[in-house]
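Novice: Below is one structure. I have some questions about it.
No lab work stands behind these numbers, since they all come straight from the coordinates. Predicted, not measured: the structure shown is a model, and the values here were computed from it. Please note: Cβ atoms are built from the backbone with ideal geometry, for glycine as well, and neighbour counts cover all protein chains shown.
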């Protein structure tokens with residue numbers, strides 16, 4: 001296929017990307033035919049997938065508003081993906097125009113698009129780094145220029161850790177972020193799970209083995225452990241649509257087996 005002008009040369013446009021497939025689920029336009037093919041196959045097996053992704057984005061928006069109400073005006077969104085409508089800076093700055101956001105992703109398409117979109121906004125930054133390279137994330141020039149790490153920060157790890165296998169020790173990376181953040185900081189986290197839908201989730205995970213980021217769905221107890229060192233806020237780690245819903249919940253447990261929670265560093 002013809003390479004679009006927004007796609008960096010180093011991007012493999014013949015292999016699906018988890019970030020671009022997610023962009024397609026959310027109705028974005030920064031994806032390729034190979035991503036759309038994989039997404040359609042996944043939806044054929046699991047028709048609720050687009051709704052599940054929308055639930056996840058809605059949780060992110062609710063959590064951002066909670067952080068703002070708690071006095072946090074700085075956000076570090078790691079594994080942010082390709083910016084789409086209703087992203088963190090839009091939600092945060094609608095409530096507090098002084099809010100600051102740094103987006104971090106390892107996908108060059110996500111980074112290139114974010115930099116183009118946010119070039120004129122001094123309250124945002126974009127970092128090309130791996131979640132596991134905590135030093136590279138926290139010491140990046142954009143992070144240091146946009147965020148004051150001596151003040152509370154909301155660390156967003158939304159729909160990311162199921163792409164980080166146990167052998168890469170994601171819990172240890174989270175602990176390093178936790179230790180670098182000052183008291184009052186928050187962790188906002190969501191995670192895919194096979195709880196309640198093992199067969200369809202296994203089939204979905206098999207699709208993602210085609211990408212550079214295969215899935216590691218985890219049960220509830222393992223997701224809870226990611227909050228070690230944080231005080232979980234009510235209602236704890238729950239199915240994604242059930243975290244402080246602001247509207248009607250339609251089959252929140254059955255449709256969406258993933259989990260979400262918010263924790264505070266004391």
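Novice: Per the Cauchy relation, a quarter of the hull surface: what is the mean projected area of the convex hull of the alpha carbons in the range 18-264, in nm²?
Specialist: Averaged projected hull area, Cα only: 12.0 nm².
Novice: Using the basic label-point model (7 angstrom from Cα toward the beta carbon), what is the residue 40 to residue 180 distance in nanometres?
Specialist: Each label point lies 7 Å from its Cα, and together they span 4.1 nm.
Novice: With viscosity set to 0.692 mPa s and temperature to 37 °C, compute the Stokes-Einstein D of the range 1-149, Rh being the Kirkwood radius across alpha carbon pairs; µm²/s, no decimals.
Specialist: 203
Novice: Return the ratio Rg/(2.2 N^0.38 Å) for the range 88-147, where Rg is computed over Cα atoms only.
Specialist: Details: Rg = 11.3 Å, N = 60, 2.2 N^0.38 = 10.4 Å.
Rounded to two decimals, the normalised Rg is 1.09.
Novice: Taking 0.36 nm per residue of sequence separation and subtracting the Cα-Cα distance, how much length would be gained by fully extending the chain between residue 29 and residue 149, in nm to one decimal?
Specialist: 39.8 nm
Novice: Continuing with this model, one more query. Run the numbers for residue 120 and residue 166: contour at 0.36 nm per residue of separation, minus the present Cα-Cα distance, in nm.
Specialist: 12.7 nm
Novice: With a cut-off of 8 Å between alpha carbons and a minimum separation of six or more residues, what is the relative contact order of the range 18-264 in percent? Don't jump to the answer; show the numbers that get you there.
Specialist: Values: 446 pairs, mean separation 45.6, N = 247.
18 percent.
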